Structures are given as C-alpha cells and as structure tokens.
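Working notes for the structure below.
Laboratory data are not the source of any read-out in this text; all were calculated from the coordinates shown. Owing to the predicted nature of the structure, the values given are computational and were not obtained by experimental measurement. Neighbour counts run over all protein chains shown; Cβ positions are idealised from the backbone, glycine included.
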Amino acid sequence: MSGEIEAAAPAGALSATVADRHVHPGTIVLRFVKELPSTVLALPAVLAFTSDIGLVGVLTFAATLAAVMAGINWLAWSRFRYGVGTSDIVIEKGILNRTRRSIPFDRVQDVDIERRLLQRVFGLAKVRIETGGAGTDEGLIDSVTIAEADRLRTAVRAGKSEAASVPADAQPAGGAPATDSNLLFAMGPGRVLMLGLFNFSLVYIAGLFALLQTFQNMLPFDIYDPARWAGLVGNHLPERLTAAAILAVLFLALLLGVIAGVATTVSREYGFRLADEGKRMRRERGLLTHTEIVLGKKRIQVALIQTGPVRSRFGWFALFFQSLGAGSDGSGRQSAAPFAREAELDPILEAAGRFRRPAEMLERVSNRTVLRASLPLALPAAAIMVSAAWAPDRLWLLLLLPLFAAASAIQRRFHRYALADGLLFIQRGVWRRRLWIVPVERVQALGISRSRPQRLLDLATLTVDTAGAPATGGARIVDLRYPAALALAEQLRVGQGQL
Amino acid sequence: MIKLEPGQLWVMRIHAAIFALVLAVAAIVFETAIVPEIGFPRGLIAGITLLLILYLMLISPGRHYRAWGYRMDEEDLRLRRGVWVETHTIVPLDRVQHLDLSQGPIERAFGVSRLIVHTAGTQFSRVVLPGLSRPDAERMRDEIRTRIGREEA
C-alpha cells in the first residue's frame, strides 16, 4: 500500500528518514559484561604472569583497560542510531568509519527478535532485520527493550507492501500437506546401484595406502620405496610376491573403490523421489538417514545440468537447482535428479518454472581463447630457450608447450553459450561438463572483466551473478570477444526489462 | 562515465602512503636485523622495496583514480574500475537490496563518501562506489530507493 504512495510521489518528495533513536543504554553494560572475560580478566592475567609489575600494577592496568573499554562501548553506543521512516529503516553506526544504511521495507524478508540469557536478565532483545542480500548482519539492532522490538517489527511489517519480496518469495517451507503430489523423478535400486558404479573414486585407493601405512611395520617392505616395489616383482621375494600378486592387490584396490562408491551412493540416494506439489517440489532420499526437503519453485534461481566424459557417453545427466534458503538443509545447490536420461530432465525443468534444455545451437567462445591461454607460456618458453644455450638437450621441453594450447582448444569446444527466450545457457568444462540455465530475471548483477592478456586480444569474461550462487565456480563466460560481451550484457538487461 | 571527485585521488594517495610506510618499516627491519645474519646481498630488498614504494606513491594512485568511472541511469548503476584487471559492473537498480552511505576519517577530510549497494548475488553482493560528494551520494541513494519502491508497487 505504502509502495503505491511511494511510486506516486516524485523523487524529491521522498521523506528522509531521521535516525534519532539510540539502542537501550543497558547495551553498554551488556557488551561490557560480555567482553569482561577476554579483556579485563584475561589480558591483565597474561601481564601478571609474563612480567613482574606486582598486584597493584596489574590492578591499575585492569582498571585502565576497563575504563577504555567502557569508553569505547559508550562511544559506539552514542554513534549507533536508528530510525523507522515511511518506506525504510535507517541505521547509522561507526566511530571512525561512519555508515548510514538504508533498508527499504519492501526488501525486508524477516524481522527476528532474539533473546539470549544476558539480554533476558536486562529485559532486552536483539532485533535482526534480514533482506535477500548475501550477508547475515544486514540490519542488526543490538539491543532494545522488548516493547521497542515489537514496535519495530510491527512498523516494518505494516510498511511492507503486499507484493513485496524480490527475489525470494517469502513462502513457508514445509508445513501444509500437499494437495496433489505428482511424481517427477524417482530412482529404483537398479539405477542407484548404477550411479554408485559411476561414483567409483580413486580416493579409496589413497585410503588403502593410508591403511597400509598404519600397518607398515607389519609389512616386509617400505611402501613408499619404488625400488623395493620393483624388487618385489623382480627377484627379491619371488616366491612370496609375484607380479600376479601385485595385480591382485591392484584389483582389490579397484574393487574397494567400486564398493565404497556404491556404498556411499546407495546410503545417500536410495529411494530418491522428487515430487511436484504445485508451488513447490518435495525431495526424499537416503537409506540410513532419510532426508526430505521442500523446494519452493519461486525460490529456484538457476538450473544446472552436469555430466562427465564417461557419463555423457552412456547418456547420463545430473540436474541441480540453485535456490534461496530452501527447506531444512538450507540454500545453495540442491540435487533434483542425480542420474537421469536427458528426456527425463524435461518434465522436471518444466515443473520448476521457465526452464528448458537448449534447443538451439550454443555458440563457442572466441578462438582467441587458445592464444590467451598460451600467452603466459611465452615466459617459460623464453626460459627454456635461454637455458638451452647451456644445455641444448633441454629444447625438447618446448614440445610440451603445444600441449597446453591443445588443452585450451579442447576446453573451447566445451565452452559455449546462447541467449534465447530470456534464458541464458552457459556450457563449460571438459571433465565436469556443466550447463547453466539462467532466466534473465534472476540475474542480480553483471560483471565484465578484462585482464591484461584479454585486453591485448580484445577478449572479456562475462560473470552472471545470481542469488545463492557459489562464491567461486559460478556461471560465467570466459573469453568472449569484448564487443560481444558488451552486447550480451545489454541484451540481458533489455531481456530483464521486458519481463 | 563520470569521474570520481578529485578528493578521492588524495584518499587513494594517503591509503597508498600508509601501505608504503608499512612496507618501508618491514624492509628496514629486514635489512638491519635479518640480512647481516643470513648473508643476503645488502640493499637488494631495500632497492626493490624503494621501487615498489615509488610506484605505489607516484604512479599507482593516479592510474587507479583514472580507471574509475560510474554512470547511473533509470535502470542501472554501472561502474568501471581496475588497472591490471579492468572490470565493468552493471547493477540493475531494481535488484538492490539495501544501501549504505559510508565515510571514513580520511574520506571525511577530503569531503568524499562511499555508496555501497547490496544485492542478493554472491560475487557482487556488495558493490562499492567510492569518491562521491556527499550531495551526489545522497541523491543517488534516494534515486535508488525510489526505484525500489516503484518496482514493488
């Protein structure tokens, strides 16, 4: 409601919120008490043990420290002010670095009132205002009386317009039973076993070695000495350990890898079920610890299809959804189908909203990426050539360099992108082949960066930031031509405007 | 692209000077206390540090200052920055979650403020635009705030 008044009012008429309230003065005492063990007790104690200033000296030091701490706490208190306006809440803080934060009501997701033991003693409460931002301390008012905390919460909730909360639609996770549950994807025991075979990992062989090391003194050889290994195969202990025996050990290690892969996969994915329940999806899985999460469809930001060189050969794919704070086990990446045929993904993607697999050809990034990847090799190449003046036989090292170029050429084959129907598709990775499907309206910010070599070759990296994205390894297109990157960024922005 | 306030150049110079001072102290300690002990060539570290300090104090602040630029229109806030890696950031205004207007002691002395825009993203969850005059920063903040209200209505 207030949002409409806001919209009608010209920018100049926006009343500035005055931050005129302090938190409760009891907070000074509260903080002081909380800091007591680490400052006024611990530091003088350290001083008492490490020097010989005597009891009076230590007490003086403790008193001075206490006075300084109390002074700083008072200063911090006096500089912390907040105020609730017609459309936002304002928090001013900082002793040296002064900050004035403005949190629009429409962005507030939740107002938490927290009461710890110390706060209870003083009859106070900590108010935490959460927005959709990535941080945790978006608006922390520490501490006010309970009546004031309630007033704040009421004021913020009243000021919030009905159509609020972008990007995450505030929606209760769990709770009400499903009206009509429609199975989207499930894995039978056979499928789970097969996934287990694909999850075979050499990590378990490392584990075997760790085990061997533990019992090393019981073995007749040093496991880290290759000569001894060779000796074992050769003539050292021919009657006890033959080549066949070594092979048997290797086979055992492989078998262990397979068994461990199957065991972990079965315990995690057994009975995997993903069901559509109208506004949300429900996922169940797990053999020993059965887990169940609810994924609000409106909270799904990005879909990610992942496969590998072997998996894709056999036609297997995994589907993940990147979401905001979904259900019990939090936000981030949620598995929606760990092991599925391509066609099986389509109904899930469709049920999740505006997602689909790319029908159009994805475009490769610029072929200059090979040059860009090879450019840093100029230095080692020069080093090899110079050193060849002394040792000409080292020139063969130059032959290694084209391998890097070849690797980047292969990487380019698997790095493609396209923008169609307001969906940005980005494919990347050779070993871990990932395909991001990003609806343009989910893009929070865009970044175009150019390193020195990229500027030299007129290339750029386009980063597409979304809510709940991982800190590294998010969706980005590396080594587009710079004009293409700029054009794509504009297209993405225009696409957002049209929706 | 709009340039930052000239005061920001001085803020950058002072930040560089503080960093240079730390470097200088570290280099002096190394030269006097450690070099004689381990028989490292004398003056090598000091020389390199001196060059580094000269770059930090004389060249780097100006280059960083010139690399900065911003533009805000109806739809977006756009920033450009970076000397070694040049970065453009586009923040759609209707994606802003909340806003900070910040000022440190050095910035206060030179009359500049920082506008910090928070989004729901990860890498660009906190986009900082330094070197604004107080009125400019307040005007931009109010414009973004109005924009958020308008989009919700």
* Gyration tensor verdict on the stretch B:41-153 (Cα atoms; rounded if a/c is under 1.5, prolate if a/b is larger than b/c, oblate otherwise) -> prolate
* Computed lengthening from B:R139 to B:R108, 0.36 nm per intervening residue step minus Cα-Cα distance -> 9.4 nm
* At most 11 other Cβ within 10 Å, DSSP loop - GluC sites (Glu not before Pro), the stretch A:309-417 -> A:E360
* Structure fact -> Looks like the protein assembly as shown, by Cα gyration tensor root eigenvalues a ≥ b ≥ c and the a/c under 1.5 rounded cutoff (else prolate when a/b is bigger than b/c, oblate otherwise), is rounded
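Within 10 Å of each Cβ in B:69-75, how many Cβ atoms from other chains are there, averaged over the peptide?
Numbers: counts 0, 0, 0, 0, 0, 1, 4.
That average works out to 1.
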* Out of the stretch B:58-142, which chymotrypsin sites (Phe, Trp or Tyr not before Pro) are coil in DSSP terms and have no more than 13 other C-beta atoms within 10 Å? -> B:W84
* Answer rounded, prolate or oblate for the stretch B:78-123, using the Cα gyration tensor with square roots of eigenvalues a ≥ b ≥ c: rounded when a/c is under 1.5, else prolate when a/b is larger than b/c, else oblate. => oblate
* Estimated distance in nm for a label pair at B:E37 and B:R71, the labels positioned 7 Å out from Cα along Cα-to-Cβ -> 5.6
* To do: Report the calculated FRET efficiency for A:R115 and A:D137 (r = Cβ-Cβ distance, R0 = 22 Å), to the nearest 0.05.
  => 0.80
* Distance in nm between label sites at A:S51 and B:V25, each 7 Å beyond Cα in the beta-carbon direction? -> 1.9
